Amino acid sequence: MDAAIASAVEVPGVPPLDDLREWLGHLGLTFAADLVKEELHEAVRLNRAPHEVLGRLLRGEIESRDERRVRTALKLSNLPGGTTLGNFDFAFQPGVDRRQVEGLATCEFVREHTNVLLQGPPGVGKTHLAVALGVRAIEQGFGVIFYRLEEMLHELRRDLGAPPAKLRRRKCFSASLLIVDEMGFEPMDREQASLFFRLVSYRYQRGSTIITTNKSVKDWPGILAGDEAMTAAILDRLLHRCAVLNIRGRSYRLQEIEQNMNP
């Protein structure tokens, strides 16, 4: 078969196979460089047209690059691994509007700079849904960053005296989608609430934010240092364009504990 390929390409004006591999590698088309020999084998065997061979190599290169991009973006996003919409148990949590979640999974909300608020008691799947939507956004090419609220506030406080230009380069400011998990487990002090307000104000109509919380919005003044005016300003910006999912159901974690206690 190598002889057949050689006879097919070693004609005046047609570069040798080794040169093709070298040139593809030089252009950064590593997938195509690795597969060009195999594709030419198949082209000779199946009598494929030249444009079909080129199309298969380019399509494979694009798919390979997309896979590498997604893997890298997932590592940089801080998203917990192994969580997708495919392994969310909608049957266990019938209170979740599956149609609404599938609509959000198109990531149109990210394109439109709309926010998502996931409310409910611990263990009902808020974080799972938030992370799964983050994975979908990465797959569609958006920049995503995930924070536990405490971690994000620590980072914001560390940058308290930084110039605005430096702050805007931080992922929590610049990412297309910011996911803030566990809002409401611990109240903020006044400085933290002010930092959170600055973040929300900057991202308003510039990017999308997903927040998971175990508190109703009417209880947010208690989270935000008791400052009702600041709370109103934050909620005004977050809820102006926002999809709200109120999850009322059983706890996955309690179910697992019960199953382990009663095998």
(request) Search the stretch 152-167 for residues that are under 14 Å from residue 188 (Cβ atoms) and pair each with any residue that is surrounded by 14 or more Cβ atoms within 10 Å (Cβ to Cβ) when their beta-carbon atoms are under 6 Å apart and the residues are at least 6 apart or on different chains. (result) 152/172; 153/192; 156/195
(message) Just to be sure I understand, how many residues within the stretch 77-94 are aliphatic (A, V, I, L, M) and crowded, with 17+ Cβ neighbours inside 10 Å?
(response) 2
(message) Here is a check on your reading of the model: is residue 168 within 30 Å of residue 63 (Cα to Cα), part of a helix (DSSP H, G or I), out of contact with any His (no Cβ under 7 Å at 6 or more places or on another chain) and not polar (S, T, N, Q)?
(response) no
(message) Being surrounded by 12 or more Cβ atoms within 10 Å (Cβ to Cβ), modelled with pLDDT under 95 and in a helix (DSSP H, G or I): is that true of residue 255 here?
(response) yes
(request) Out of the residues in the stretch 95-123 that are more than 18 Å from residue 137 (Cα to Cα) and touching a Lys or Arg at 6+ places or on another chain (Cβ under 6 Å), state the one that is surrounded by the most Cβ atoms within 10 Å (Cβ to Cβ). (result) 120
(message) Can you tell me how many residues within the stretch 139-163 are part of a helix (DSSP H, G or I), among the aliphatic types (A, V, I, L, M) and more than 13 Å from residue 210 (Cβ to Cβ)?
(response) 2
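The values are calculated or read from the model by the stated rules, or taken from the named source; none is laboratory data. Keep in mind the model is a prediction, meaning the values are calculated, not measured. Here Cβ is always computed from backbone atoms with ideal geometry, including for glycine, and neighbour counts include all displayed protein chains.
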